[in-house]
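Here the structure is laid out as structure tokens; the discussion comes afterwards.
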């Protein structure tokens, strides 16, 4: 009599980071339940197409595509059509298989299967009883898993921190399932097989099955310098694309860079591969890993007890890779190098700095004691068997086993600056600058600067404008030349030049003398900008410029000439700031009062209030004597159609008169 099969469907893919944990759980499920019959559902020309057949699991394909970033009707229609066909095919497969459960590891690949299972349960009023469990690899839920969590019965997480983002009682800690096929191998045997000397220092770098442009390029560009040490070997899995169409071919890219490096005899010590199957062999042979910060990579590397240099992907949802990397760094198992862009020089594709990379690797290479400590720390971070934990919970969900004991994961330290977008970053910086939040730490400042660089690299002028404002609040002096360019460029979006001047008002005290001419020319250009908010923002920079650099006769003359002109501007805000700025830098009070007098009966009471404020400035500067001030004030119209809770114009008048009174007594 044959054993009755219990059927399961596994899904998830697009990249090895989604497929690997699914295969690890599948292997553990077969061990715990030999009668389990597993079918894998994926998408053609993705990682699952290569990896799943190798372990003997039947693979079925459905259509799926990521949610488009923009709101193009064509893109949205294409997405809707693809998902319709994907859901339909997934529903037919599920009805045919009738699995006890669907287990999904995320990515757009798993969406049709998960939501088809959920819809079938609702449409059949419970007759279709397939349970749904998903696994979240990272500290923050991915887009697909965020939606799927509502449909799932249970959600396994790699980090305990993630549970608080889930519906109540749905989440449980499992850790990240690692492929059991990657067993610990003997170091010497691995080196003999690869032809690497016993005493060599081996760097093993990879960026996933399809490769990482950042890791590939920083490693290839650093090869000549690193291999100057004749005892150093590099093993590099550059990746290869799946399918016939692709945006990036890692192996070809690295090969081209290495040709230009002219490594000579050292080329023999650079072992380049496209896709690496036997990871255990290469792990065993290596001394230092260079990796991304996907949960799969960091857990796998830590379980191997290997120290690493982690280069997390920047500027992706919630900064989850940066969070993963800093978690490992704090535990003492890794050094972290952050991606950056260089908007000053028009480099808007993220990269890792080759000099920083070489310095980091060289320091670790020369400190065997530190490497040994990092290795021990790595081993202690992820104890237990995540695949076994998931399988026990999966069987319990299907009423095939007892309730597993709850397991707590390592506490995750929240970073204040992670997950901040262009809007929340600005608010956060305002809060810390005001003293309402804890002062920024050095590593936080570094991360924020990287974030701002990424914002400056955006094609969206609104995002770049926010980057200007955040730079000003932070005091990010390195980007001053870029902000000056935005301020001076009349072809910039109006709000971009406006916010550039807002930033320069705060950054001017940090400008070196080499920036003086460019800043002066930018301010003069801004004073005549067609956009009124740019004009008054430029006016506010003048006192900062004069206070930091001083003004020569030509600069002062040009400033005053334009400010006098702007006192007749059609926009009252421009007139107000022209009055206030002129009061702070003028050396010719008689001429200044003559121009002020034209505004004593200005139709906008706020302009007249600005004149009162200007008198206060002049008196405090000693540029206006009390007798003249009192006489001029009596000529100003003190009526207002702008009553608020107080008579603001009268209040400002009283303030100036009180100041004059004190001056008389003294």
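Of the numbered criteria (1) modelled with pLDDT of 95 or more; (2) under 26 Å from residue 649 (Cβ atoms); (3) outside any helix (DSSP H, G or I), the one residue 603 fails is (1). Looking at 155, 178, 218, just one residue is closer than 30 Å to residue 49 by Cα and part of a helix (DSSP H, G or I), and that residue is 218. Within segment 87-110, the residues that satisfy the criterion of being modelled with pLDDT of 90 or more and part of a helix (DSSP H, G or I) are 87, 88, 89, 90, 91, 92, 93, 94, 95, 96, 97. Among the residues here, residue 623 qualifies as in contact (Cβ under 8 Å) with a residue 24 or more places away in the chain, more than 24 Å from residue 482 (Cβ to Cβ) and over 42 Å from the mean Cα position of the chain (by Cα).
Residues in segment 118-140 that are buried (at least 24 other Cβ atoms within 10 Å of the Cβ) and either assigned to a loop (DSSP other than H, G, I, E, B) or not assigned by TED's automatic domain parsing to the domain that holds residue 29 (or both): 137, 138, 139.
Here 344, 400, 371, 395 are screened, and the one residue that is under 22 Å from the mean Cα position of the chain (by Cα) and surrounded by fewer than 21 Cβ atoms within 10 Å (Cβ to Cβ) is 344. What about residue 307, is it crowded, with 16+ Cβ neighbours inside 10 Å, out of contact with any strand residue (DSSP E or B) (no Cβ under 7 Å at 6 or more places or on another chain) and not assigned by TED's automatic domain parsing to the domain that holds residue 49? No; evaluated as a whole, the condition is false for this residue.
Applying the condition of being within 23 Å of the chain's Cα centre (by Cα) and over 23 Å from residue 20 (Cα atoms) to segment 160-178 and asking which residue is surrounded by the most Cβ atoms within 10 Å (Cβ to Cβ) yields 166.
Taking residue 84, is it touching a helix residue (DSSP H, G or I) at 6+ places or on another chain (Cβ under 7 Å), at pLDDT 90 or above and in the same structural domain as residue 48 (by TED's automatic domain parsing)? So residue 84 fails the test. Give me the residue from segment 406-420 that is closer than 13 Å to residue 444 by Cα and modelled with pLDDT of 70 or more and, out of that set, surrounded by the most Cβ atoms within 10 Å (Cβ to Cβ). Filtering first and then ranking leaves 417.
Residue-level check: of (1) free of Cβ contacts under 8 Å to residues at least 12 places away in the same chain; (2) not assigned by TED's automatic domain parsing to the domain that holds residue 269, residue 153 misses just (1). Please count how many residues of segment 582-594 are part of a helix (DSSP H, G or I) and within 50 Å of the chain's Cα centre (by Cα). Residues meeting the conditions: 5.
For residue 25, indicate whether it is in a helix (DSSP H, G or I) and within 14 Å of residue 101 (Cβ to Cβ).
It is true that residue 25 is in a helix (DSSP H, G or I) and within 14 Å of residue 101 (Cβ to Cβ).
Restrict the check to segment 232-239 and report whether at least one residue is buried (at least 17 other Cβ atoms within 10 Å of the Cβ), in contact (Cβ under 8 Å) with a residue 40 or more places away in the chain, touching a strand residue (DSSP E or B) at 6+ places or on another chain (Cβ under 8 Å) and part of a helix (DSSP H, G or I). No.
Inspection of segment 387-394 finds no residue satisfying the criterion of being without any contact (Cβ under 8 Å) to a residue 24 or more places away in the chain, out of contact with any helix residue (DSSP H, G or I) (no Cβ under 7 Å at 6 or more places or on another chain) and not assigned by TED's automatic domain parsing to the domain that holds residue 485. Taking segment 56-71 as the range and being in contact with a helix residue (DSSP H, G or I) (Cβ under 7 Å, 6 or more places away or on another chain) and either surrounded by 16 or more Cβ atoms within 10 Å (Cβ to Cβ) or modelled with pLDDT of 90 or more (or both) as the test, the residues that pass are 57, 59, 60, 62, 63, 64, 65.
Of all the listed residues (469, 516), the sole one being modelled with pLDDT of 95 or more, closer than 23 Å to residue 424 by Cβ and either in the same structural domain as residue 425 (by TED's automatic domain parsing) or more than 25 Å from the chain's Cα centre (by Cα) (or both) is 469.
Condition check: within 30 Å of the chain's Cα centre (by Cα) and either over 23 Å from residue 176 (Cα atoms) or not in a strand (DSSP E or B) (or both). Does residue 79 satisfy that? Taking the combined requirement at face value, the residue satisfies it.
Quick grid of which residues meet (1) surrounded by fewer than 18 Cβ atoms within 10 Å (Cβ to Cβ); (2) out of contact with any helix residue (DSSP H, G or I) (no Cβ under 7 Å at 6 or more places or on another chain); (3) part of a helix (DSSP H, G or I):
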| residue | (1), (2), (3) |
| --- | --- |
| 473 | no, no, yes |
| 485 | yes, yes, yes |
| 508 | no, no, yes |
| 514 | yes, yes, yes |
| 523 | no, no, yes |
| 560 | no, no, yes |
| 570 | yes, yes, no |
| 580 | no, no, yes |
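Mind listing whichever residues of segment 1-19 are part of a helix (DSSP H, G or I) and either touching a strand residue (DSSP E or B) at 6+ places or on another chain (Cβ under 7 Å) or closer than 20 Å to residue 152 by Cβ (or both)? Give the steps one after another, and end with the answer.
Going through segment 1-19, the residues part of a helix (DSSP H, G or I) turn out to be 16-19.
Scanning segment 1-19 gives 17, 18, 19.
In segment 448-464, is there at least one residue being within 16 Å of the chain's Cα centre (by Cα), at pLDDT 95 or above and closer than 19 Å to residue 540 by Cα? So far as segment 448-464 goes, no, none of its residues is within 16 Å of the chain's Cα centre (by Cα), at pLDDT 95 or above and closer than 19 Å to residue 540 by Cα. A single entry from 514, 489 fulfils the requirement of being closer than 14 Å to residue 538 by Cβ and without any contact (Cβ under 8 Å) to a residue 12 or more places away in the chain: 489. Among the residues of segment 525-537, those that are farther than 13 Å from residue 560 by Cα and buried (at least 20 other Cβ atoms within 10 Å of the Cβ) comprise 526, 529, 534, 535, 536, 537.
The values are calculated or read from the model by the stated rules, or taken from the named source; none is laboratory data. Note that the structure is predicted; figures quoted are calculated from it, not measured. Cβ coordinates were reconstructed from backbone atoms using ideal geometry, including for glycine residues, and neighbour counts include every protein chain displayed.
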